[in-house]
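A quick write-up on the structure given underneath.
The values are calculated or read from the model by the stated rules, or taken from the named source; none is laboratory data. Computed from a predicted structure; not experimentally measured. Positions of Cβ are generated from backbone atoms using ideal geometry, with glycine treated the same way; all protein chains shown enter the neighbour counts. SASA here: full protein model, heavy atoms, side chains in, ligands and nucleic acids out. Shrake-Rupley method; radii C 1.70, N 1.55, O 1.52, S 1.80 Å.
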Amino acid sequence: MSSIAYVNGAYTPLEDARVSILDRGFLFADGVYEVAAVIDGRLIDNEAHLARLERSLAELRLESPVTMAEMVEIERALVTRNGITEGLVYLQVTRGAADRDFSFPRGVRPTLVAFAQKKNILASPAAQTGVKVITVPDLRWSRRDIKSVALLAQVLAKQAATEAGCQEAWMVDADGFVTEGSSSTAFIITRAGVIVTRPNSSAILPGCTRRAVMALAAEQRLSVEERAFSVDEAKAAAEAFLTSASNLVLPVVEIDGIPIGAGVPGDSAKRLRALYLDLARATAV
């Protein structure tokens, strides 16, 4: 069965899905996106993802061509039409197609495309073995809080990780502090048992899974600090982990070739993954 995509109001086979070469998402990366996980055929943490989509749109003065309620119906339709039990739904809104000019065009309807992909999330081998991380300089623009489709720096970071035999790259600012992963939020757990992650600001994307995990940690009376941490502190940590919509919570077992803790998934990271999965299933739509 052919995969089904959504393009500007129509459902179409993925191989037939098309947008104009004048689309500003293609020419200028003038657009935003969101990704929601699907588990048991239902959308995970979707309210948070759509709230972040609305914020990203507002920051770029970009209007959605459909309401958020209609967006949910599109997501659900893609899950059903593609027979997705476990995987992802991707949404992208751009400013639309117009003659190439840097200024915002007038009277142009935004482009909305969406598709779904099957992915093994629950029984991911990485959840059992943990993932290896390298550190790279953070080369991105200064408005990282907007989930923009301009992802070239992240592509280069992820490729560097792949070539190093790792699954993720943690990006590092000019002062030597970790900002976030190329497609995830970075966490460490100190030897005193404190969960540390960088506070939200324009320096990082406000992660939806990050927010849920931090709320769970507070409910469990775990100590949490929102502050910057250095690469050296991360390498000396008792545990490390990352969060993202497509991976939930994954233990980090190595950074730049240095084992973290015992070099195996830590108990706290495994516990937080289990707690998040319980919450995700209970609140899925």
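Keeping all protein chains in the complex and leaving out DNA, RNA and ligands, what accessible area do you get for Ser2 with a 1.4 Å probe, in Å² to the nearest 10?
Ignoring ligands and nucleic acids, Ser2 comes out at about 40 Å².
If we sort 128-134, 222-228, 92-98 on the protection proxy, mean other Cβ atoms within 10 Å, highest first, what's the order?
Details: 128-134: 20.4, 222-228: 13.7, 92-98: 22.0.
Packing proxy ranking, top to bottom: 92-98, 128-134, 222-228.
Below 8 Å, C-alpha to C-alpha, sequence gap of six or more: please give me the relative contact order for the stretch 1-101 in percent. Write out the running numbers ahead of the final one.
Values: 129 pairs, mean separation 40.9, N = 101.
Across the stretch 1-101, relative contact order equals 40 percent.
Using a Debye calculation, one point per C-alpha and no hydration shell, please list log10 I(q)/I(0) for the chain at q = 0.14 Å⁻¹ in order.
Taken in order of the listed q values, log10 I(q)/I(0) reads -1.04.
Determine by what factor the alpha-carbon radius of gyration of the stretch 56-129 differs from 2.2 N^0.38 Å, reporting the quotient.
Normalised Rg, Cα atoms only: 1.47.
Determine ³J(HN,Hα), in whole Hz, for all residues of the stretch 69-79 in sequence, where each value follows from phi through the Karplus function 6.51 cos²θ - 1.76 cosθ + 1.60 and θ = phi - 60°; x replaces Gly and Pro.
For the stretch 69-79, the Karplus-derived couplings read 5, 5, 4, 4, 5, 5, 4, 4, 4, 5, 4 Hz, x marking Gly and Pro.
Which whole-Hz couplings ³J(HN,Hα) result when phi for each residue of the stretch 94-107 is put into the Karplus expression 6.51 cos²θ - 1.76 cosθ + 1.60, θ = phi - 60°, listed in order with x for Gly and Pro?
10, 6, x, 9, 7, 3, 5, 7, 5, 5, 4, x, 9, x
Could you give the accessible area per residue of the stretch 217-267, probe 1.4 Å, as a whole number in Å²?
Details: 2190 Å² over 51 residues.
Per-residue value: 43 Å².
How large is Rg over Rh for the stretch 1-60, taking Rg from the Cα atoms and Rh as the Kirkwood inverse mean of 1/r across Cα pairs?
Values: Rg = 14.1 Å, Rh = 13.8 Å.
Rg/Rh for the stretch 1-60 comes to 1.02.
Amide H of Glu180: which non-local residues (sequence gap of 5 or more, or other chain) have their own amide H closer than 5 Å, using H built in the peptide plane?
Those lying under 5 Å, H to H, from Glu180 are Met171.
Rounded to two decimals, what is Rg over Rh for the stretch 233-285 when you use alpha-carbon atoms and the Kirkwood radius?
Values: Rg = 12.5 Å, Rh = 11.8 Å.
Using only Cα positions, Rg/Rh for the stretch 233-285 is 1.07.
Return the distance in nm (one decimal) between the two label points of a simple spin-label model at Lys118 and Ala150, each offset 7 Å from Cα along Cα→Cβ.
That separation, rounded to one decimal, is 3.7 nm.
Quick one: Kirkwood hydrodynamic radius for the stretch 194-249, alpha-carbon pairs, angstrom, one decimal? If you can, show how the numbers build up before the last one.
Details: mean 1/r = 0.0824 Å⁻¹.
Computed over the stretch 194-249, the radius equals 12.1 Å.
Quick check: at a probe of 1.4 Å, how many percent of the accessible area of the chain sits on carbon and sulfur atoms? Intermediate values should be presented prior to the final figure.
Details: 7070 of 13340 Å².
Ligands and nucleic acids excluded, carbon and sulfur reach 53 percent.
Work out how much length Arg81 to Val264 would gain on full extension: take 0.36 nm times their residue separation and subtract the Cα-Cα distance, in nm to one decimal. If you can, show how the numbers build up before the last one.
Working: separation 183, 0.36 × 183 = 65.88 nm, distance 3.92 nm.
Fully extending the segment from Arg81 to Val264 adds 62.0 nm.
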